[in-house]
Amino acid sequence: VVKMIPDSRLPPRHLHAVRTGKTFAVIKWESPYDSPDQDMLYAVAVKDLVRKTDKIYKVKSRNSTVEYTIKKLEPGGKYHVIVQLGNMSKESSMKINTVPLSAPDALKIITENDHILLFWKSLALKESNFNESRGYEIHMFDSLMNITAYLGNTTENFFKVSNLKIGHNYSFSVQARCLYGGQMCGEPATLLYDELGMGKDSSATKSGRATDVAAIVVPVLFLLLVTLGIGFVVLYMRHRRLQNSFTAFANSHYSSRLGSAIFSSGDDLGDEDDEAPMITGFSDDVPMVIA
């Protein structure tokens, strides 16, 4: 068994994040040496890399493993965490990214005459950390031009988009407005808009295409069913005719004396003619008499 010699100049060991949320982060580390025999005072420094601010927390523990929860963080933030003993010994550090705000729900497109309207549900309905005064920002991606454009921001739950080009496909994204130089953004909700020169959103276009396909497939299937039905009727009628013809033929050869129908195989045809002399021809000097 090897036991480390107590040294207060050593840094905390195995610093890592256990769990990260929108406004908190649980971190964990081990003492600089095994089995401390007294309370150890740690300094936990949290540097906000977006806002450029610092906070220092003091943690006292005698345990070999220490777990601490950093609170009052911001969704989508970036932080640098430093843990060291209170005597400013060697330090251990790590970076943490908190979970961003979720995407708005029920993003939809409504087509007007010369523009479209984007609609979505208020993010405040499911995010207690979101204030409507923060607003939303809207981006547009043109797949034909391969260009992403920032359209603007709004505190409402709808946004008007104009000047769309015919034949271009667009993707619109709505998210909680980014703070401090495009950072600390919310997750985007994205919706494809297939313009195709008809001014319809992707859902309408897809449903229209499905309707067109159905309009073609259904008549074809109907014609196939009708053709098969007619074919079965024709086959049935031919079968009935053949059956009736055979029945009539059999009845015409029925012998009441024998109680059965008699059919000739064709081998006995002309047996009586074999005894008759064969006509080989006629001579020119024999007169032909026609009775």
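The values are calculated or read from the model by the stated rules, or taken from the named source; none is laboratory data. Keep in mind that this is a model prediction, so the values were computed, not measured. No Cβ is skipped: glycine too gets one built from the backbone with ideal geometry, and neighbour counts run over all protein chains shown. The accessibility values were calculated without ligands, DNA or RNA, using every heavy atom of the protein model including side chains. Shrake-Rupley method; radii C 1.70, N 1.55, O 1.52, S 1.80 Å.
Output the residues belonging to segment 141-170 that are surrounded by fewer than 16 Cβ atoms within 10 Å (Cβ to Cβ) and of a type in the set (Ser, Thr, Tyr).
Once the filter is applied, which keeps residues that are surrounded by fewer than 16 Cβ atoms within 10 Å (Cβ to Cβ) and of a type in the set (Ser, Thr, Tyr), segment 141-170 yields Ser143, Thr148, Tyr150, Thr155, Ser162.
Identify, by number, the condition in (1) more than 23 Å from His16 (Cα to Cα); (2) free of Cβ contacts under 8 Å to residues at least 60 places away in the same chain that His80 doesn't meet.
Exception for His80: condition (1).
Out of the residues in segment 73-87 that are closer than 25 Å to Arg51 by Cα and either part of a strand (DSSP E or B) or out of contact with any Ser or Thr (no Cβ under 8 Å at 6 or more places or on another chain) (or both), which is most open to solvent (accessible area, probe 1.4 Å)?
Applying the filter and picking the extreme gives Lys78.
For the structure I just gave you, tell me whether Ser35 is out of contact with any strand residue (DSSP E or B) (no Cβ under 8 Å at 6 or more places or on another chain), surrounded by 13 or more Cβ atoms within 10 Å (Cβ to Cβ) and either of a type in the set (Asp, Glu) or not in a strand (DSSP E or B) (or both).
no
In segment 153-181, how many are hydroxyl-bearing (Ser, Thr, Tyr), out of contact with any Pro (no Cβ under 7 Å at 6 or more places or on another chain) and not in a loop (DSSP other than H, G, I, E, B)?
Residues flagged as hydroxyl-bearing (Ser, Thr, Tyr), out of contact with any Pro (no Cβ under 7 Å at 6 or more places or on another chain) and not in a loop (DSSP other than H, G, I, E, B) within segment 153-181 amount to 4.
What residue, of Arg13, Arg62, Arg19, is free of Cβ contacts under 8 Å to residues at least 40 places away in the same chain and more than 28 Å from Met184 (Cβ to Cβ)?
Checking each option against the conditions leaves just Arg62.
Please go through segment 95-139 and give me each residue that is surrounded by fewer than 15 Cβ atoms within 10 Å (Cβ to Cβ), aliphatic (A, V, I, L, M) and touching a residue at least 60 places away in the same chain (Cβ under 8 Å), ordered by number.
Ile110
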